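Here the structure comes first, spelled out in C-alpha cells, and everything after it is commentary.
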Amino acid sequence: MPNSTRTGAAPTLVELRRDLHRHPETAFQEHRTAALVATELRRLGLEVFTGLGGTGVVGKLVAGAGGRGYGFRAELDALPMQEANEFAHRSIHEGVFHGCGHDGHTAMLLGAARRLAERCDFSGTLYFIFQPAEEAAGGGPAMIADGLFQRCPVDGVFGMHNWPGLGVGRFAIRPGVMLAALATFDITITGVGGHGALPHRCTDPVVVGAEIIQALQSVVSRNIDPLAAAVVSVTRVRAGDAYNVIPEKMVLSGSARYFDPSQGELVRRRVAQVAEHVAAAHNAAADVVYREQYPPLVNSAVETERAIEAAEGVVGSGALLKGCDPIMASEDFAFMLRERPGAYILIGNGDGADAPGVHHPAYDFNDDILELGVSYWVKLAELLLPRDNA
C-alpha cells in the first residue's frame with residue numbers, strides 16, 4: 001500500500017488512486033495491483049480469493065444472516081500507451097498508462113469495501129470483484145472460466161465506469177443495450193510484388209487495399225438500416241519496406257461495432273465478401289480473419305432500476321440521465337452480464353470542453369468523483385441487501 005501521512009492509517013482514496021496511477025500494469029500483468037488490493041481486503045477482514053483469471057481478486061463480505069449475494073466489479077489493468085501528463089503522479093513505466101480510469105475504479109470499489117466493512121449496514125453477501133485485462137484481452141471471460149460464479153454465487157452483478165463529457169455529480173444509465181459488441185478483423189491481401197518502376201508486371205496489393213478500405217465504408221451505409229447503428233473502421237495498414245519495391249502483401253486491420261447481433265452477422269459476411277471480391281477483381285487474393293471479441297453489454301430491467309435508485313439516492317433524480325443513448329464503446333463486463341443479471345452505470349468525470357477523453361494520452365481520472373463513486377456502491381449495497389430482510 002502507499003504510505004500514509006497518518007501513522008498506521010490506511011491511505012486516503014486520493015493517495016490510493018494516485019499510487020495506482022503511478023504504477024500501472026497491463027493485461028494479466030497486474031501483480032502489484034492485485035497484491036495491493038488483496039492486502040487491503042484482508043486488512044478489512046474480508047475473505048479473499050486470488051488468481052481468478054490469472055491476476056483477478058475477489059473479496060467476500062458477509063453481514064447479517066448472509067442469504068442473497070451480489071457482485072460489484074472494477075478493473076485492474078492499464079493501457080499499453082504513453083502518458084503525456086507531467087504531474088507528480090504520472091506513470092513511472094514508459095509505455096504503460098492508466099488512460100481509462102481503472103485506477104479510479106479500483107480505488108472507489110476499495111473505498112466502498114472499507115465503508116461497508118466498517119458499517120455492515122446490510123444483510124447478505126457482497127463480492128468485490130477486481131478484474132484483470134479488461135482492455136480487449138478477455139479478463140472477464142477468464143475469471144468466469146476460472147469459476148468466478150461458482151465461488152461467488154451472486155444473484156446479480158454491477159459495474160461502473162467514469163465518463164468524460166458527463167459532469168461531476170452526474171450519472172447515466174439505460175435498460176437494455178448500453179454498450180456495443182466488438183469484433184476485430186485482419187485482411188491479408190496477396191498480389192505479385194516487384195520493382196516500383198514496373199507496376200505492369202505486378203499485382204499491387206497496396207492499390208487493392210486502398211479500394212478495399214473505400215469499399216468497406218459501404219458495409220454500414222448501404223447494408224444497415226439507417227435507424228440502426230454500426231461502425232466499421234480500418235485502423236491499421238501494413239505493407240512494404242522500401243521506396244522502390246511493390247510489396248507482395250498488404251495487411252489491413254480494423255474493428256466493427258454494433259448493438260444487434262443480427263447486424264453483426266451481416267457485417268461479418270459483408271466485410272469478407274467485399275474484401276474477397278475487390279481483390280479478385282484485381283487478380284489478387286484476400287484472406288479475412290474475423291474475430292467476435294465482446295458481445296453487446298445489456299442491462300437487465302430490474303437491476304437497472306436498483307442502480308437508478310442508488311444513483312438518485314446519492315445525487316438526486318435531476319442529476320441522473322436515465323435512458324441515455326447507447327454508446328459504441330465495448331466492455332467485457334458484457335460477459336458477466338450474460339451469466340448473471342445486472343447493470344452498468346456511467347459516473348461523470350467532468351464536462352470541460354477541453355477535458356481529454358478516455359484513451360487520450362493526457363487523460364486523468366478526476367479525484368473529485370471518488371467519494372461519489374464510493375457512495376453509489378454503498379447505497380446500492382444497502383438497497384439490494386436491506387437489513388430488515390435479515
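The values are calculated or read from the model by the stated rules, or taken from the named source; none is laboratory data. Keep in mind the model is a prediction, meaning the values are calculated, not measured. When we count neighbours, we look across all protein chains shown, and the Cβ atoms used for this are built from the backbone with ideal geometry, even at glycine.
Remarks
- When Pro175, Pro199, Pro205, Pro226 are checked against the criterion of being surrounded by 20 or more Cβ atoms within 10 Å (Cβ to Cβ) and over 26 Å from His360 (Cα atoms), Pro205 stands alone in meeting it.
- Filter pass, Pro80 being surrounded by fewer than 24 Cβ atoms within 10 Å (Cβ to Cβ), within 25 Å of the chain's Cα centre (by Cα) and within 20 Å of Gly357 (Cα to Cα): yes
- A single entry from Phe72, Phe97, Phe122 fulfils the requirement of being under 21 Å from Ala307 (Cα atoms), of a type outside the set (Asp, Glu), under 24 Å from the mean Cα position of the chain (by Cα) and crowded, with 19+ Cβ neighbours inside 10 Å: Phe72.
- Against the conditions (1) assigned to a strand (DSSP E or B); (2) small (Gly, Ala, Ser); (3) within 30 Å of Val274 (Cα to Cα), Gly209 satisfies every one except (1).
- Matching residues in the range 184-196 - criterion: being closer than 27 Å to Ala334 by Cβ and surrounded by fewer than 21 Cβ atoms within 10 Å (Cβ to Cβ): Thr184, Asp186
For every residue, the table says whether it meets (1) of a type in the set (Gly, Ala, Ser); (2) modelled with pLDDT of 95 or more.
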site	(1), (2)
Gly352	yes, no
Glu371	no, yes
Val378	no, yes
Asn389	no, no
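- For the range 337-350, the set of residues classified as touching a strand residue (DSSP E or B) at 6+ places or on another chain (Cβ under 7 Å) and assigned to a loop (DSSP other than H, G, I, E, B) consists of Arg340, Pro341, Asn349, listed by residue number.
- Residues in the range 366-386 that are in contact with a strand residue (DSSP E or B) (Cβ under 8 Å, 6 or more places away or on another chain) and in a loop (DSSP other than H, G, I, E, B): Asn366, Leu385.
- In the range 124-138, the residues that are touching a Leu at 6+ places or on another chain (Cβ under 6 Å) and either among the polar types (S, T, N, Q) or outside the structural domain of Leu52 (by TED's automatic domain parsing) (or both): none
- With respect to (1) closer than 17 Å to Gln293 by Cβ; (2) buried (at least 16 other Cβ atoms within 10 Å of the Cβ), the lone exception for Pro247 is condition (1).
- Residues of the range 296-320 satisfying the condition of being modelled with pLDDT under 95 and either touching a Leu at 6+ places or on another chain (Cβ under 9 Å) or not assigned by TED's automatic domain parsing to the domain that holds Leu346 (or both): none
- Exactly one residue among Gly104, Gly99, Gly95 is in the same structural domain as Phe365 (by TED's automatic domain parsing), closer than 20 Å to Asp364 by Cβ and part of a helix (DSSP H, G or I), and that residue is Gly104.
Yes/no per residue for (1) surrounded by fewer than 17 Cβ atoms within 10 Å (Cβ to Cβ); (2) part of a loop (DSSP other than H, G, I, E, B); (3) in contact (Cβ under 8 Å) with a residue 60 or more places away in the chain:
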residue: Glu331; (1), (2), (3): no, yes, yes
residue: Phe335; (1), (2), (3): no, no, yes
residue: Gly352; (1), (2), (3): yes, yes, no
residue: Asp364; (1), (2), (3): no, yes, yes
